[in-house]
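Comments concern the structure below.
The values are calculated or read from the model by the stated rules, or taken from the named source; none is laboratory data. Because the structure is a prediction, the values reported are computed rather than measured. Backbone-built Cβ (ideal geometry, glycine too); neighbour counts: all protein chains shown.
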């Protein structure tokens, strides 16, 4: 019989069960704002070498837990591991972000893309999940994650980051069948990837749709939401008790449609009022968010005020996982993240019980 997780507030919040306080974790909680992370990355040599070292991934994932009383850990990896395993040649230049050596420039390339076996080509990620799970013991849950098919496709087509997604949108509009073929392949690969993370110990999974908000409402449904819905449906077939969280940055207008996918939680960025979101979809899903990450540049006193506003907006009862509206930024002082966590722990019990 499996030993229960000692602190399962995060999982219970996603099930909208009664709690004594609001659980808190934050996106990119293991990252460049922490000096100990920067030291570990320097030891690894470069970012991808760090990602491919399961023991160092576990070390990094545990670092924020040594500083803060958080309610969940998250896999340390990158959203672009799946397209890298498809053979596109991922690299990271310091200060420049990700680059693919062999981006998609011709729709005919799509047919040749393999669907990687997560236990072969992405074994290093599965080993990292297992290593982090061992380091955690049964202390708190572990979150696995993947990028959404649309978000992955933008990087694969553009060759890296983009401000206007010109190549990706041109393919989407001029050759929608080719784009849908790419997204179908990415949906299949991501479904297997997240399933394997669950099999290796992830207690919940999250899909990061970083660039879905760049699409028109019609295009969002066809090219971003529907591929994610396929992944959710797959995961609910193979691991029905494992919570799935969807996060579309800039996706506040789509919450009702996102909730219909069968996911357990929706991540919100800071542009959506969490109280209004709860009114719209809170009877169907839990909500995660949504403090503006930039608030962590302010004073601890101001951070406490802004945390209080988010908690008050959500209101009484369970179904809220406190988080930032996007990832913590590298320039934030670690003590300011501590102030946020402390404020959630201090102020949230008043909304429970």
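Would you please name the residue that is farthest from residue 97 (Cα to Cα), looking only at residues in the stretch 148-172 that are in contact with a strand residue (DSSP E or B) (Cβ under 8 Å, 6 or more places away or on another chain) and surrounded by fewer than 22 Cβ atoms within 10 Å (Cβ to Cβ)? Restricting to residues being in contact with a strand residue (DSSP E or B) (Cβ under 8 Å, 6 or more places away or on another chain) and surrounded by fewer than 22 Cβ atoms within 10 Å (Cβ to Cβ), the top hit is 159.
Do we find that residue 189 is crowded, with 21+ Cβ neighbours inside 10 Å, closer than 23 Å to residue 104 by Cβ, touching a helix residue (DSSP H, G or I) at 6+ places or on another chain (Cβ under 8 Å) and modelled with pLDDT of 95 or more in this structure? Criteria met by residue 189. From 16, 21, grab the single residue that is assigned to a loop (DSSP other than H, G, I, E, B), in contact with a helix residue (DSSP H, G or I) (Cβ under 8 Å, 6 or more places away or on another chain) and either crowded, with 19+ Cβ neighbours inside 10 Å or in contact (Cβ under 8 Å) with a residue 40 or more places away in the chain (or both). Result of the check over 16, 21: 21. For residue 213, the requirement of being free of Cβ contacts under 8 Å to residues at least 60 places away in the same chain, crowded, with 17+ Cβ neighbours inside 10 Å and closer than 16 Å to residue 79 by Cβ is met. Of the helices (runs of 4 or more DSSP H) contained entirely in the stretch 34-147, those carrying at least 3 residues that are at negative phi, surrounded by 20 or more Cβ atoms within 10 Å (Cβ to Cβ) and touching a residue at least 40 places away in the same chain (Cβ under 8 Å) fall at 54-67, 123-136.
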